[in-house]
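Working notes, beginning with the structure itself.
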Amino acid sequence: MLNENAVKTLIDRGLEERSDLFLIDLKIGVGNKISVVIDGDNGVTVEDCMFMSRAIEHNLDREEDDFSLDVASAGATSPLVNKRQYKKNIGRTLNVKAKSDAKFEGVLTEVDDDEVTLEWKAKEPKPVGKGKIVVNKQAKIKYDDILEAKVIIKF
């Protein structure tokens, strides 16, 4: 059985060479099936996946441990799991579920080390009289409070 730490070390070496890429997930399953999911500050190309695949495959000995390797990019509908993913999605609409069961849908406008800021428009009753007015809303959500966040793809 392959050692996950050894594979992670190979991935880290590759990421040192390509600082625009980062690891989202690593799994080693039955039969030494290695599954790696990466993302990048500017997206991920097929060449990026090939680079990471080579960084791993060329440094493992098939004579010692036979394995299969799959390197993929994080899908467009996959939840955001890394702070760097939020930064690259500034200006896009997110759907965020908070641990408090609150749900937010808005444009990601700011990202820092502790939290994200979403902004959206909502209709609310007028302070005086009948009818509704459109107001700008904002929510600052700490990373620790985010249960799930997904980019909303609009066509």
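The values are calculated or read from the model by the stated rules, or taken from the named source; none is laboratory data. If you're wondering where the values come from, they're calculated on a predicted model, not measured in any experiment. For neighbour counting, all protein chains shown are included, and Cβ atoms are generated from backbone atoms with ideal geometry for every residue, glycine included.
Looking at Asn82, Asn95, just one residue is out of contact with any helix residue (DSSP H, G or I) (no Cβ under 7 Å at 6 or more places or on another chain), among the polar types (S, T, N, Q) and in contact (Cβ under 8 Å) with a residue 60 or more places away in the chain, and that residue is Asn82. Take Lys8 and tell me if it is among the basic types (Lys, Arg), surrounded by 13 or more Cβ atoms within 10 Å (Cβ to Cβ), at pLDDT below 95 and within 30 Å of Glu148 (Cβ to Cβ). Here the answer is no, as Lys8 does not meet what is asked.
Do we find a residue being under 18 Å from the mean Cα position of the chain (by Cα) and crowded, with 17+ Cβ neighbours inside 10 Å anywhere in region 118-134? Working first, answer last.
We begin by selecting, within region 118-134, every residue under 18 Å from the mean Cα position of the chain (by Cα); these are 118.
Still in the running and crowded, with 17+ Cβ neighbours inside 10 Å: 118.
Checked region 118-134: at least one residue is under 18 Å from the mean Cα position of the chain (by Cα) and crowded, with 17+ Cβ neighbours inside 10 Å.
In summary, helices (runs of 4 or more DSSP H) completely within region 1-104 and bearing 2 or more residues that are under 19 Å from Val116 (Cα atoms) occur at 83-88. The set of residues in region 41-74 that are under 18 Å from the mean Cα position of the chain (by Cα), crowded, with 16+ Cβ neighbours inside 10 Å and in contact (Cβ under 8 Å) with a residue 40 or more places away in the chain comprises Met52, Ala74.
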